[in-house]
Amino acid sequence: MSKALFPGTFDPFTIGHDAIVKRTLTFMDEVVIAIVSNPDKQSLFSIEERVRMISDLYKDEPRVKVISFSGATPDIAVEVGANAIVRGVRSVKDFEYEENLAFIYKKMCGIETVLLYTDPELACVSSSIVREMIKFGKDPSEFVPFKLKIEN
C-alpha cells in the first residue's frame, strides 16, 4: 500500500491544498495530512480547530487521514510509514525552496518528495515523480504537459 504524507500548517480554506490531495490520490493509495504546529506561522485557527475542520472536509474520503504533529517532517513521514512526502508549490519562486527541502528530506529519511503546483491545471513533474507513479502502477500522462513514451 502506498502512502503519502502531506505536511503543512493548513487553514481549511487554503487555496490549492484540496487539488493536491485529489491529485495525490490518483497515484497513492492514502494521504496523511499532517498539520504542523509552527509558532513562526500565524494561523487563523488553533491546531485543534484546523485538524477538526480539515478532517470534516475529508469525512467522506476514507483514504485521507488528518493528524497534527510538531517536529521534523522526515520524522513524522517515517512514523506514519509514508512512501512519499507531497509538497505544494504555489509559484516558480517557491520551487527552488521546495526542491532544496526535498533534497534535505531525502537525506534525513530516505523518502522522496513529490512537488506539485497548487494550480490544478499545472503539475511540476520531474523524472523521479514519473518513476514513482510508474512504480505504483499509475499512468502519469495526465500530469505531464507533453506526450510521454514509456519503455519498459
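Bear in mind these aren't lab numbers, they're just calculated from the coordinates by the rules spelled out. The structure presented is a predicted model; accordingly, all values stated were derived computationally and were not measured. When we count neighbours, we look across all protein chains shown, and the Cβ atoms used for this are built from the backbone with ideal geometry, even at glycine.
Applying 1/(1 + (r/R0)^6) with R0 = 25 Å to the Cβ-Cβ distance of Asp75 and Lys138, what FRET efficiency is obtained, to the nearest 0.05? All intermediate terms of the calculation are to be shown ahead of the outcome.
Numbers: r = 27 Å, r/R0 = 1.09.
Between Asp75 and Lys138 the formula returns 0.40.
Which of the pairs Lys106/Lys138; Lys3/Lys106; Lys22/Lys59; Lys22/Lys106 have their Cα atoms more than 19 Å apart in this structure?
Working: Lys106/Lys138 22 Å; Lys3/Lys106 16 Å; Lys22/Lys59 14 Å; Lys22/Lys106 24 Å.
Cα-Cα > 19 Å for Lys106/Lys138; Lys22/Lys106; rest within.
What are the ³J(HN,Hα) values, in whole Hz, obtained from phi via the Karplus relation 6.51 cos²θ - 1.76 cosθ + 1.60 with θ = phi - 60°, for each residue of segment 105-112 in sequence order, with x given for Gly and Pro?
Each residue's phi maps through the Karplus curve to give 4, 4, 5, 6, 9, x, 9, 6 Hz.
So how do 80-87, 98-105 stack up, highest first, on mean other-Cβ count within 10 Å?
Highest mean packing first, the order is 80-87, 98-105.
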